[in-house]
Amino acid sequence: MTVPVPVVIDCDPGHDDALAIMLAAGDPAIDLLAITTVAGNQTVERTTLNARRVCTVAGITGVPVAEGCARPLVQPLLVAGDVHGDSGLDGPRFSEPTVDVVPEHAVELMRRVLAEHPEPVTLVPTGPLTNVALLLTRHPDSARDIREIVLMGGSAGRGNRTPAAEFNIHVDPESADIVFNSGLPVTMCGLDVTHQALATPDVLGRLERLDTGLSRTCVELMTYFASAYRRLWGFAAPPLHDPVAVARVIDPGIVRCVEANVVVELHGRYTRGATVVDLHQYTGRPVNARVAVELDVEMFWDRVIAAVDVLGRRMR
């Protein structure tokens, strides 16, 4: 029997973050040790509330939740209310959450969890990388306790917040630069692969047929998310970005990667926040990341839906 991978999710819920949390909590291949929040899709107060809401509706208990950084390292915070709504998790009506936060900053919780766990831990950041960058700079010894960083962010092509930059990297490029230059094993699950994870009507039908309160909440989340993607980008179905990073940890065969050098653009007038991915080794710079390029769509949705089913049945 495969030993579950110990994981800390650092997130900014966010519709796709919500499903990433559920996938990590409901799949037996992952041992979810903690959930930390960061400002990104909405303010950190709202993303933290949303993490608590997701844990409550999905019956996720015994996993500490900690609030993290309220702004990027350098620039003012940019949120994605046009995508995720004023709450950051518009669509369903959530009851008052019963899961609370621990009285500890996210960076300190990550440091403690890493130090106390008997084996190296995988970090899965699905929002801006502010918390992770501060962990690496304030507590450099923590790097020895990190197995790898598997993040959702970036793109080898065009962006989704500017023509060049993907949202998570665009919000805090300096933090992303720290992570990619950390010397740790980094896997970048960017738009190139996450745009293959489309929540089609068939996927929503599979969720509906689970017929649990949680599955119905997921359908409501995806329905709202779909309307935003149709309005903003003309997508027929919304891409479920963040769970792709979790799926890579669950089974690397679900997400095919190539090795490349990745540099974060910090100064470009039109390209700040872009991830410059040297897929063809033009620059001669050393490889510092695995870059996801292809998704096994069937395997991906099978794991997501199975996780929602597991959590939903526990709630009955």
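The values are calculated or read from the model by the stated rules, or taken from the named source; none is laboratory data. Keep in mind that this is a model prediction, so the values were computed, not measured. All Cβ positions, even for glycine, are placed from backbone atoms using ideal geometry, and neighbour counts span all protein chains on display.
Annotations
- Subset of region 230-240 [under 20 Å from the mean Cα position of the chain (by Cα) and in contact (Cβ under 8 Å) with a residue 40 or more places away in the chain]: Pro238, Pro239, Leu240
- Residue check for Leu135: at pLDDT 95 or above, farther than 21 Å from Ala260 by Cα and part of a helix (DSSP H, G or I): yes
- Residue in region 68-126 that is surrounded by the most Cβ atoms within 10 Å (Cβ to Cβ), counting only those that are part of a loop (DSSP other than H, G, I, E, B) and among the polar types (S, T, N, Q): Thr126
- Cβ separations smaller than 8 Å between residues 6+ apart or across chains give the following pairs from region 98-118 residues that are closer than 12 Å to Thr37 by Cβ to residues that are surrounded by fewer than 16 Cβ atoms within 10 Å (Cβ to Cβ) and hydrophobic (A, V, I, L, M, F, W, C): Leu109/Val102.
- Condition met for Val203 (under 19 Å from the mean Cα position of the chain (by Cα), among the aliphatic types (A, V, I, L, M) and not in a loop (DSSP other than H, G, I, E, B)): no
- Where a residue in region 198-219 is more than 22 Å from Phe94 (Cα to Cα) and its partner, wherever it lies, is part of a helix (DSSP H, G or I), with Cβ under 6 Å and at least six apart: Val203/Trp301; Arg206/Ile305
- Total residues in region 29-67, condition part of a helix (DSSP H, G or I), surrounded by fewer than 22 Cβ atoms within 10 Å (Cβ to Cβ) and β-branched (Val, Ile, Thr): 1
- Residues satisfying the stated conditions in region 145-184, i.e. acidic (Asp, Glu) and either outside any helix (DSSP H, G or I) or over 15 Å from Gly273 (Cβ atoms) (or both): Asp145, Glu148, Glu166, Asp172
- Residue that is nearest to Val5 (Cα to Cα), among those in region 148-167 that are among the aliphatic types (A, V, I, L, M) and surrounded by fewer than 23 Cβ atoms within 10 Å (Cβ to Cβ): Ala156
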